[in-house]
Amino acid sequence: MAEKITFVPLSYTGWGSLSYLQQEVQRLKGQKVLLVTDPFLHELGLTQKIIALLEELNLTINIYTKVVPEPPVAVAEELVAYAREHQSDIVVGLGGGSALDLAKLAGVISVHEGDVKDYLNLSATRSIEQKGLPTILIPTTSGTGSEVTNIAVVSLESTKDVVTHDYLLADVAIVDPELTMSLPPKVTAATGVDALTHAIEAYVSQNASTVSDALALQAIQLISQSIRSAVKDGQNQQARIDMSYGSYLAGLAFFNAGVAGVHALAYPLGGQFHIAHGDSNAVLLPYVMGYIRPSCEKRMKDIYNAMGFNSGYLSQEEASHKCVQELQRLVEDVGIPSSLKGFDISEEALTGLTEDAAKQTRLLARSPMPLGKDDIFAIYKAAYDAVVFK
Ligand code: NAD
């Protein structure tokens, strides 16, 4: 079957790859740089590294540092206004997915009419017609893969929504693991399981292809075998390098194959309870995979092997059960609560969560097992009771 594969046009990866920033800003002919980042990275001094490189080029630099985690659409609107006001001609995004997603929106929506909310997937009244400003994305977490996807996520009152278009794809991704060394253990864990979820959901997706399979399996191997070390010892350089490549590959995999049930059920947790994206994916991962397991036993056996286990004499069914158990163990080992109760979510909230998750039809369509409201409620209930399906 013919397959469409889309990659970000140019990437620099590996330790020290930030050194390519200057030549790329010059190649893209940027004169008025909009640097999008969050206040914490600014305080940490990571932003100063970028500013120093840009200052050597004698450019105008406007720095927007008001990005917040899981950014509400209002922050995106404010940033777009800032880009228009400063007549920026190139955007550099530095940070986790929150900063990178907003950088994408600044680059594209600032050259269009209207507000960000006019372009949201669930409620769009306008469509993206033209390429935005040249954009360079530099992740400082090993998680979202936002640097290689055409998606920007914003938080709404009770859920999340996305703007998605190929014009949101960055011109350049710079994926330098050195920038992730300062990540605290909790963020390393949440963002790392987010990346693992991308790879796993891409591998079992209805839209999986030979290319996305290769990317996903390598990502699963790198992440599942390094995440514990990266969480335990943030100065473990090899673990940071593996996580950086793992999240980059997982991003490429899910951009091409899509994510599904875990993300659909995680979005309302982020929207209604402000749980970090990585944590909300992580707490649901074993329960969603446990529920859909009968529809993708062979693929879950492959995942089990990629995690470093030998399925040897096990049947597909047995290996798929073990895969779910190992996913649950991994989430626990990196210190993420293994039930919704661990995030102070009450049983009464499950109905409202189910209503919102069922609206994520774009995501649910890629699940190897169709997931209706009853299925979604059953998964939330299992995640509440911490009972993995047999
Ligand atoms: P984040 O960007 O919200 O950052 C989390 C925290 O980590 C912040 O406090 C930040 O300051 C801190 N941080 C980041 N880098 C650091 C570093 N090197 N050292 C110390 N602290 C650091 O977290 P995230 O998980 O990377 O991004 C989450 C957002 O990305 C959510 O809005 C989510 O919906 C979105 N997302 C987007 C895509 C996509 O394809 N566009 C995919 C998945 C998730």
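FYI, it's all coordinate maths here, none of it is from the lab. Note that this is a predicted model, so its numbers are computed, not measured. Backbone-built Cβ (ideal geometry, glycine too); neighbour counts: all protein chains shown.
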Per DSSP, loop GluC sites (Glu not before Pro) in region 261-363 with at most 14 further Cβ within 10 Å: GLU347, GLU348
Over 32 Å (Cα to Cα) - which of LYS66/LYS381; LYS29/LYS49; LYS232/LYS341; LYS29/LYS232 fall in this group: LYS66/LYS381; LYS29/LYS232
Choice from GLY261, GLY93, GLY372 with maximal GNM fluctuation in the chain (Cα, 10 Å cutoff): GLY372
Over the chain, relative contact order from alpha-carbon pairs under 8 Å, at least 6 apart, %: 15 percent
Descending semi-axes in Å of region 284-390, equivalent ellipsoid built from Cα gyration tensor: 25, 17, 10
Sequence ranges 262-273, 167-178, 357-368, ranked by mean other-Cβ count within 10 angstrom, highest first: 262-273, 167-178, 357-368
Residue with peak Gaussian network fluctuation, the chain [Cα springs, cutoff 10 Å], from ASN305, ASN281, ASN256: ASN305
Region 185-385, Cα convex hull volume normalised per residue, Å³: 100 Å³
Selection from ILE241, GLY352, ILE63, by position along the positive dipole direction of the chain (Cβ): ILE241
Cβ charges +1 (Lys, Arg) and -1 (Asp, Glu), total dipole of the chain, debye: 580 debye
Distance from region 192-261 to region 327-378 (C-alpha centre basis), Å: 20 Å
Burial ranking of peptide ranges 69-77, 51-59 (average Cβ count within 10 Å, highest at the top): 69-77, 51-59
Ratio of Rg to Rh over region 131-244 (Cα coordinates, Kirkwood Rh, two decimals): 0.98
Signed unit charges on C-beta, dipole axis of region 66-202, positive-most listed residue PRO134, HIS86, ALA195: ALA195
Rg and Dmax of the chain, Cα atoms only, in Å: 19.9, 64
Region 109-268: relative contact order as a whole-number percent, Cα under 8 Å and 6+ apart: 26 percent
Magnitude of the charge dipole, region 127-253, Cβ model with Lys/Arg +1 and Asp/Glu -1, debye to 20: 360 debye
0 to 90° range, to nearest 10: angle between helix 349-358 axis and the chain longest Cα axis: 70 degrees
Acute angle (nearest 10 degrees) that the helix 237-257 long axis makes with the longest principal axis of the chain, alpha-carbon atoms: 80 degrees
Helical contribution to [θ] at 222 nm, DSSP H n ≥ 4, -39,500 (n - 2.57), averaged over the chain, rounded to 500: -16000 deg cm²/dmol
Point-charge dipole on Cβ atoms (K/R +1, D/E -1) for region 185-385, about Cα centre, debye to 20: 360 debye
12 Å Cα-Cα reach of LYS301 towards aspartates and glutamates, excluding residues that sit fewer than 8 places from it in its own chain: GLU317, GLU318, GLU326
Of LYS301, LYS131, LYS160, the one that fluctuates the most in a GNM where the chain has Cα springs shorter than 10 Å: LYS131
Cβ crowding within 10 Å averaged over residues, with 26-37, 213-224, 194-205 ranked highest first: 194-205, 213-224, 26-37
Distance from region 89-151 to region 14-82 (C-alpha centre basis), Å: 14 Å
